[in-house]
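Only the coordinates and a few stated rules stand behind these numbers; no lab work does. This structure is a prediction, so every number in the text was calculated from the model and none was measured. Neighbour counts are summed over all protein chains in view; Cβ atoms, including those assigned to glycine, are modelled from backbone coordinates with ideal geometry.
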Amino acid sequence: MQDRPTPPDAGFTLLEILVVIAILGLLIGLVAPAALRQLGGARISVARQSIERLGAVLDLYRLDVGSYPTSEQGLQALVTRPTDGGNWAGPYVQNGQVPVDPWTHPYIYRQPSTRSGHDYDLCSRGPNAATGDAGGDSLICNP
């Protein structure tokens, strides 16, 4: 068998390349927004789960010390022994750092709570923390 010589003008035309680029652009334009929406929803879900886990950690703290950390002590009381720590058995978080929300912003912690029926408030500002919107529907708080 003989190899046939390749003609010197073999390859893709400019039109074929432009069609492929246009199709890829359309696919990315359709898929990217849906993927980004899913990513945003996942972060909100992670924030809710993290708040629930931190709530359990705060309950352990209360069992050891006898009360929840004050607003002044904040979540730092889970990492370092407060001055009135009593039977503090911490640190209560693994990495030895105050936890942050999925957007790497600090959680809002208040004790006593400003909401009725709660001992404390533990909230994330959500995705709008960078814009300064700290209230309303964007807050993700302990149930």
Practice problem: Place +1 on the Cβ of every Lys and Arg and -1 on the Cβ of every Asp and Glu in segment 42-127, take the dipole about the Cα centre, and give the residue among 77, 87, 56 whose Cα lies farthest towards its positive end. | Solution: 56
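Sorted from fewest to most neighbouring beta carbons within 10 Å, what does the list 141, 123 look like?
Values: 141 17, 123 20.
Ascending number of Cβ neighbours within 10 Å: 141, 123.
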Quiz prompt | Ascending count of other beta-carbon atoms within 10 Å, so fewest first, for 71, 116, 50, 124 | solution = 116, 71, 50, 124
Quiz item: For segment 63-70, in order, what is each residue's ³J(HN,Hα) by Karplus, 6.51 cos²θ - 1.76 cosθ + 1.60 with θ = phi - 60°, in whole Hz (x at glycine and Pro)?
Solution: 4, 6, 8, x, 7, 6, x, 6
Self-check item: Estimated dipole of the chain in Debye, rounded to 20 [Cβ of Lys and Arg +1, of Asp and Glu -1, Cα centre]
Solution: 160
Quiz item: Regarding segment 16-141, what are the three Cα extents along the principal axes, ordered largest first, in Å?
Solution: 75, 31, 20
Practice problem: Given the options 59, 121, 84, state which has the largest fluctuation in a GNM of the chain using a 10 Å cut-off (strictly under) for Cα springs. | Solution: 84
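Let me have the 222 nm mean residue ellipticity of the chain computed from DSSP H runs of 4+ only, each contributing -39500 (n - 2.57), with the sum over all residues rounded to the nearest 500. Can you show the working numbers first?
Working: 1 runs with 52 residues, N = 143.
Mean residue ellipticity at 222 nm (helix-derived): -13500 deg cm²/dmol.
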Practice problem: Kindly put 80, 13 in sequence by how many other C-beta atoms sit within 10 Å of each C-beta, fewest to most. | Solution: 13, 80
Quiz prompt | Loop-resident sites, segment 1-109, for GluC sites (Glu not before Pro), counting at most 10 other Cβ within 10 Å (DSSP) | solution = 72
Exercise. Please identify, among 34, 22, 47, the residue showing maximal mean-square fluctuation in a Gaussian network model of the chain using a 10 angstrom Cα cutoff.
Key: 22
